[in-house]
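The values are calculated or read from the model by the stated rules, or taken from the named source; none is laboratory data. Small disclaimer: the values here were computed from a predicted structure and weren't measured. For neighbour counting, all protein chains shown are included, and Cβ atoms are generated from backbone atoms with ideal geometry for every residue, glycine included. Remember, those area values only see protein heavy atoms, side chains included, never the ligands or the DNA or RNA. Shrake-Rupley method; radii C 1.70, N 1.55, O 1.52, S 1.80 Å.
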Amino acid sequence: MNRVVENLRSRFFLGGPIRRFYKLKAAYSITTELSSALNLDDALKTFVNRIASYMSVEIVSVMLLDNEKKRLVIKMTRGLDEKALEGGDGPRLGEGVAGWVGKKGEPLLIRDITKDPRFSARSGKTYYNNSLLSVPLKSRDRVIGVVNINNKVSRDIFRAHDLDLLKTIVDMAVIAIEKIRTRDALDKLSRSNHEIMSNVSHEFKTPLTTIKEALLLMSDGMLGTVNEKQKKYLDLSVQNIERLNRLINSLLIMGEVESAKKSSVRNLFSITDTARTVIESLNIVAKEKGIVLKGVIPEKRVEIWGDPDKLNEVISNLVENAIKYNRTRGEVSVHLGETEKDITISVSDTGMGIPREEVGRIFDRFYRASTSSRSGIPGSGLGLSIVKDIIEMHKGQIKVESEPDKGSVFTVTLPKSLRR
Ligand code: ADP
């Protein structure tokens, strides 16, 4: 019954405007589905399955070109033995039907392969008849692969309208496939960049610590007497090593934030506890500078969904800056409030403020306001860019109000119930 219906469909119904409509509908819906694929494998699986149903065939295979080896490699099949996928190397360009299509960049409609002098007949019992279709996947005139189909459900041989339909589907889908390939390649590249950055940063830390310890021993006179001038240079070296250490820590956190953007942690945790912990641990630093650090935190636990470590990083960074860019005997206060949907954290200080024309740039990587670098306060210009990335990861916002020589207020708003 199935076979009869298929025969009727391909011979009569798919003529003229109906066929054109069906062709575009098929190509359009396959392309839409492909564009939401998670990765290349996922995309190719959808691709072969949809070709099988729209073309009413039982066997579909997609081969991609390995440019270095000049061979086609089977990447996805339907209806063929799984072993076909394991084979690794497929036909060389020019070899067999797919190789011919790959080399010439032209489609092939074969009604009877035994009568085609270019090819030897196919072996095996997989095929109902000697007819097949093979179409190149071409992106910007370059062949990137080949799609082959065999065994119409109707047991009929392939005809010109089948070739036309397959070509339309393949020509539209190749754009989506290329996009996914590029996206996968860029993802891989940026992952390996971050891995390299993170490894190098870790590798730097151990020797730097050893150098710093040795310099401190020298500066303290533990390895023999040092005169004033020598001590001055030793202390300067220690300060610079500390600067390098801070920079490396920022690079490590940046790497973590980049990877967290792809698979971020989401826990329900108490942001009031986090704010209290930060204030407690930075109180010592504030006291050393004669700064009063106050917290206005609600008594009750306020919970939000998010990454606790990263949000700790946000509050710590803002409070550290508020201490660092403050005047002696200044004040820093941390307010935590909530609305029905959001929480707000604002960190205000009585420090040097930020020149009006520079406020818009302080979240840029490595940017430091002219006032702070002029006054010799150490910093890398990375902290606020990390803060902004983490807040964006949580779909929140950050605002700054600042008045030169009076102080600044940084206000963060975060949604409470963002579970993903
Ligand atoms: P840094 O390591 O330089 O502190 P950040 O990215 O944390 O880097 O900050 C970028 C710049 O923004 C700082 O160099 C400073 O000029 C300015 N800035 C940040 N916070 C404050 C603040 N509370 N008061 C004044 N200036 C600030």
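Numbers below:
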{"item": "Partner aspartates and glutamates for K103 [C-alpha distance under 13 Å; skip if fewer than 8 residues away on the same chain]", "result": "D66, E95, D141"}
{"item": "Cross-link pairs K104/K167; K294/K406; K341/K388; K287/K406; K205/K287 - those with Cα-Cα distance over 24 Å", "result": "K205/K287"}
{"item": "E288 paired with I175, simple spin-label distance in nm, labels 7 Å along Cα-to-beta-carbon", "result": "5.9"}
{"item": "Where the chain is the region considered: accessible area per residue in Å², 1.4 Å probe", "result": "56"}
{"item": "Anisotropy class of the range 369-420 from Cα gyration tensor, a/c 1.5 cut", "result": "oblate"}
{"item": "Inter-probe distance in nm under a simple model that places probes 7 Å from Cα toward Cβ, at R183 and S36", "result": "1.2"}
{"item": "Tensor-based shape of the range 221-288 (alpha-carbon gyration tensor, a/c under 1.5 rounded, otherwise prolate or oblate)", "result": "oblate"}
{"item": "Gyration tensor (alpha-carbon) shape descriptor, the chain, a/c threshold 1.5", "result": "prolate"}
{"item": "Fraction of accessible area attributable to carbon and sulfur, the range 318-420 (%, probe 1.4 Å)", "result": "47"}
{"item": "Inter-label distance for N227 and L24, nm, one decimal - labels placed 7 Å from Cα along Cα-to-Cβ", "result": "9.0"}
{"item": "Residues with amide H under 5 Å from that of E338, placed H, sequence gap 5 or more", "result": "T344"}
{"item": "Efficiency of FRET from Cβ geometry, K115 and S259, R₀ 60 Å, rounded to 0.05", "result": "0.55"}
{"item": "Rounded Å value of the spacing that divides the Cα centres of the range 253-290 and the range 178-212", "result": "23"}
{"item": "Residue of K231, K188, K310 that the Gaussian network model of the chain assigns the largest fluctuation, springs spanning Cα pairs under 10 Å", "result": "K231"}
{"item": "Top of A37, A160, A26 by mean-square fluctuation, Gaussian network on the chain, Cα under 10 Å", "result": "A160"}
{"item": "J(HN,Hα) series, the range 282-291, from Karplus relation 6.51 cos²θ - 1.76 cosθ + 1.60, nearest Hz, glycine and proline x", "result": "8, 4, 5, 4, 5, 4, 4, 9, x, 9"}
{"item": "Surface share of carbon and sulfur [accessible, 1.4 angstrom probe, percent] for the range 167-286", "result": "60"}
